[in-house]
Amino acid sequence: MSLCIGVMFVTVTISAFKVGVPLDGNLIQGLLIPQVPEGGLSWTLGVMGGVGGTVTLLSYGFWIGEQNRQGRSGLKACWLDLGIGYAMTAIFGMAMLVIGSQLKLSGKGTGVALSIASLIGENVAPFVGFLFLVGFWAAVFSSLLGVWQGVPYLFADFRQTMAGRRMDAEELEKSRDYKVYLLFLGLAPIAIQNLSLSSIAKIYAVLGSLFMPFLALTLLYLNGRCLEQDTELRNPWWVNLGLLATLLFFVYQGVRPAIS
């Protein structure tokens with residue numbers, strides 16, 4: 001996954017600069033002033049949920065267990081890799097938006113990636129178009145690896161918790177529940193094969209973005225109640241303020257249509 005993400009980040013970022021980043025007022029305004037265009041809420045949530053760092057983050061706790069991270073030192077290691085990860089995610093997301101805004105696209109589904117690569121090849125150089133396809137493949141493959149290796153943990157852990165048992169990450173990965181969910185992941189897409197790719201992507205991405213307010217609420221609860229005595233592991237006030245702002249943003253976006 002790390003190798004694929006590195007390839008994805010480098011190739012797509014280079015492609016964005018080769019296509020031409022518009023260093024004008026619109027770019028600066030878009031970076032500094034968050035705004036959702038009229039009728040664009042679902043696609044905005046789709047971008048937030050689809051770029052990454054949402055539902056798969058639920059699996060992060062199991063990956064922490066695999067790394068045997070504990071205490072303050074383990075927390076600092078998590079801060080470091082999550083900070084780098086989200087920074088790369090933000091830059092990657094902006095690079096994709098720049099590429100999309102600079103090129104007139106046609107087609108749908110996976111054909112869009114081929115259209116982007118073709119347009120980059122025509123407007124910049126054939127090699128840059130090929131470079132983008134390599135980055136696109138790395139993005140898709142790393143996402144598949146993350147979901148297939150991580151999400152079955154959640155199902156297996158849920159089943160064990162409901163049965164009143166506890167297993168560590170290594171035991172969960174070898175459990176029957178983990179393997180059953182892997183089989184489910186392989187067969188479940190058959191049921192939605194008649195839906196268009198754009199519809200599936202939009203639904204999955206919007207649902208993924210809804211994970212963010214639930215995560216913010218959970219972390220606020222953990223820091224305010226469960227870690228009341230353990231001040232060493234609690235988030236500082238400014239992190240809690242950011243979590244509260246995230247929660248309020250999603251609440252506002254949810255009630256805004258009703259208000260208007």
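The values are calculated or read from the model by the stated rules, or taken from the named source; none is laboratory data. The structure presented is a predicted model; accordingly, all values stated were derived computationally and were not measured. Don't worry about glycine lacking a Cβ; one is built from the backbone with ideal geometry, like all the others, and counts go over all protein chains shown. Ligands, DNA and RNA are excluded from the accessible area calculation, which covers all protein heavy atoms including side chains. Shrake-Rupley method; radii C 1.70, N 1.55, O 1.52, S 1.80 Å.
Here the Karplus relation 6.51 cos²θ - 1.76 cosθ + 1.60, evaluated at θ = phi - 60°, turns the backbone of segment 63-72 into coupling constants of 5, 4, x, 4, 8, 6, 7, 9, x, 5 Hz, with x for every Gly and Pro.
Remark: the chain carries 64 Å² of accessible area per residue (probe radius 1.4 Å; ligands, DNA and RNA excluded).
If the chain linking LEU244 and TYR221 were pulled fully straight, counting 0.36 nm for each residue of separation and taking away their Cα-Cα distance, it would gain 7.2 nm. Going toward the positive end of the dipole of the chain, with +1 on Lys and Arg Cβ and -1 on Asp and Glu Cβ, which of THR13, GLY150, VAL112 do you reach last? The residue sitting farthest along the positive end of the dipole is VAL112.
Considering only protein heavy atoms and a 1.4 Å probe, what is the carbon-and-sulfur percentage of the accessible area of the chain? Spell out each step's value before the answer.
Working: 11310 of 16750 Å².
C and S fraction of accessible area: 68 percent.
In this structure ARG159 has an accessible area near 120 Å², from a 1.4 Å probe over the protein heavy atoms. The share of C-alpha pairs in segment 70-192 whose separation exceeds 19 Å stands at 66 percent. With N as its number of residues, the chain has a Cα radius of gyration that, divided by 2.2 N^0.38 Å, comes to 1.12. Using θ = phi - 60° in the Karplus curve 6.51 cos²θ - 1.76 cosθ + 1.60, the 3J(HN,Hα) couplings for segment 204-218 round to 5, 6, 5, 4, x, 5, 5, 5, 4, x, 5, 5, 4, 5, 5 Hz; x is entered for Gly and Pro.
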